[in-house]
Amino acid sequence: MSSTGTYNPVMDQIVVTGGARLEGSVSVLGAKNAVLKQMVAMLLAPGVHRLTNVPGILDVELMGKVLDHTGAQCEFYGHTLTVEVPDDLRPEAPLELVRQMRASIIVLGPLLARTGIASVAFPGGDDLGARPIDMHLAGLRALGAEFELEHGTVVGRAPEGLTGAEVDLEFPSVGATENILLAAVLATGETVINNPAREPEIQDLARQLNAMGADISGAGTSRMVVSGVGELHPVDHRVIPDRLEAGTYAVAGAISRGRVRVDNCVPDHLRMELKKLAEAGCGVDRGDDWIEIDGPERPNSVDFATLPFPGFATDMQPQMVALLASGEGTSVVTENLYDARFRYLGELMRMGADVTIEWQHAVIRGTERLSGCPVLAPDIRAGAALVLAGLRADGYTTVSDVQHIDRGYEGFVDRLASLGAVIERRSA
């Protein structure tokens, strides 16, 4: 996959000098959690596909390599991704690519639908604890697929083809919903997915697939119905704005006691997050495609729990905790989705945060002063949260392992600097 962007070595660091109040506006790009699955959806139809509003992030480059391996040809220019999908696909995703990005497991469904076989290495990605793919496999089995684990690789076969079925998800898993959906669109007959994920990214994937000729109804509700079709065709599709990028810049304004406007976003996709920012004492204003955050001198304490959409997003939890660490009073945050999501808190505590972890609960006692120091970014959102904490902290905060941040944010340092942050990226 060719790209206009290049990525710096793993040894790069982000250095933040705290104290600047961010002011101004920033525009977000397409959603990472939508575009990766929409790239995979292209495998369902031979021909030339285009996605616009595509962020120049490391995960897009990695998924492009996965598609290249199947025989597709990817070209990334500006924020447009063009993919030519061949008539005959190589139905596999190798370990060296899949281990870098968990989203690669989503190729299982479309490869089974197109070729009747798929060989995908067991997934890697952010180290957020146990995230089994049992629901993915159970849903695809319901459609007629058979699976074996061979030398660390999931090998799926559909010797009789895929046939529609009723699938009951015990939890509204985003990945399982996507894998089943991407297989069901070319299956024979009707598939009903009960208790699917309702995230905006799922809804956008369904819009893309319907434009390609699929027959999907109920996206964004508790029951999705997919009537299989014989073939799909390529389309041009614009990726929805990234609600997590928008939320991150909103918290950047809040934590720095600044005033930041985020353009090209969908405020309804951040309803719960904006509600909690308002409870924390932020001024919150919004329009059709923008939000503006006016940060308080010190935020109020706020309790919240992460839940599937439309609840508070787990991918916004670290940023919000960084904000509350400098607040007044005691906040309690409950993490319901990933059992290792709190691993970054040790780094935040090095900066002076007063946090106690009790199973899936974090008790945050706000402190008036955070202190800059060297920290490590353990994953995409935690890395961004540590940079945001550095905006508030005294002195210098040096964040290492910033390749994690590159996976989810284009030009993170430059965008924060455009708002007035004293920040730079340098080679260690």
Count of region 176-219 residues which are assigned to a helix (DSSP H, G or I), free of Cβ contacts under 8 Å to residues at least 40 places away in the same chain and more than 23 Å from residue 267 (Cα to Cα): 2
Search result, residues across region 68-84 that are over 25 Å from residue 379 (Cβ atoms), in a loop (DSSP other than H, G, I, E, B) and touching a residue at least 24 places away in the same chain (Cβ under 8 Å): 72, 78
Contacts under 8 angstrom Cβ, first residue in region 410-426 being free of Cβ contacts under 8 Å to residues at least 12 places away in the same chain, partner of a type in the set (Asp, Glu) and assigned to a strand (DSSP E or B), 6 or more apart: 417/424
Candidate set: region 215-252, residues that are closer than 18 Å to residue 52 by Cα and basic (Lys, Arg); chosen: the one surrounded by the most Cβ atoms within 10 Å (Cβ to Cβ): 243
Given the condition in contact with a helix residue (DSSP H, G or I) (Cβ under 6 Å, 6 or more places away or on another chain), farther than 26 Å from residue 90 by Cβ and among the hydrophobic types (A, V, I, L, M, F, W, C), answer yes or no: does some residue in region 150-167 qualify? yes
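Return yes when residue 389 is under 25 Å from the mean Cα position of the chain (by Cα), over 17 Å from residue 314 (Cβ atoms) and crowded, with 22+ Cβ neighbours inside 10 Å and no when it is not.
Yes: the conditions hold for residue 389.
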Count - residues of region 369-428 that are over 14 Å from residue 17 (Cβ atoms) and of a type in the set (Lys, Arg): 4
Which listed residue is aliphatic (A, V, I, L, M), modelled with pLDDT of 95 or more and within 22 Å of residue 280 (Cβ to Cβ), from 337, 348, 376: 348
Kindly indicate which of 22, 97, 51 is among the hydrophobic types (A, V, I, L, M, F, W, C), assigned by TED's automatic domain parsing to the domain that holds residue 137 and touching a residue at least 40 places away in the same chain (Cβ under 8 Å). 51
Do we have any residue at all in region 200-212 that's modelled with pLDDT of 95 or more, closer than 30 Å to residue 364 by Cα, surrounded by fewer than 24 Cβ atoms within 10 Å (Cβ to Cβ) and of a type in the set (A, V, I, L, M)? no
Exclusive hit being surrounded by fewer than 19 Cβ atoms within 10 Å (Cβ to Cβ), in a helix (DSSP H, G or I), touching a residue at least 12 places away in the same chain (Cβ under 8 Å) and basic (Lys, Arg), set 37, 65: 65
Residue 223: of a type outside the set (A, V, I, L, M), within 26 Å of residue 28 (Cα to Cα) and not assigned by TED's automatic domain parsing to the domain that holds residue 311, yes or no? no
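In region 352-373, how many residues are more than 17 Å from residue 317 (Cβ to Cβ) and either buried (at least 19 other Cβ atoms within 10 Å of the Cβ) or touching a Phe, Trp or Tyr at 6+ places or on another chain (Cβ under 9 Å) (or both)? Quick ask: steps written out before the conclusion?
Here is the first cut: in region 352-373, the ones more than 17 Å from residue 317 (Cβ to Cβ) are 352, 354, 365, 367-373.
Then drop every residue that is not either buried (at least 19 other Cβ atoms within 10 Å of the Cβ) or touching a Phe, Trp or Tyr at 6+ places or on another chain (Cβ under 9 Å) (or both), which leaves 370, 372-373.
Selection size over region 352-373: 3.
Regarding region 192-207, can at least one residue be identified that is at positive phi and within 22 Å of the chain's Cα centre (by Cα)?
Within region 192-207 (the criterion being at positive phi and within 22 Å of the chain's Cα centre (by Cα)), the answer is yes, since at least one residue qualifies.
The values are calculated or read from the model by the stated rules, or taken from the named source; none is laboratory data. Not measured: the values here are computed from a predicted model. Every residue, glycine among them, receives a Cβ derived from its backbone with ideal geometry; neighbour counts consider all protein chains shown.
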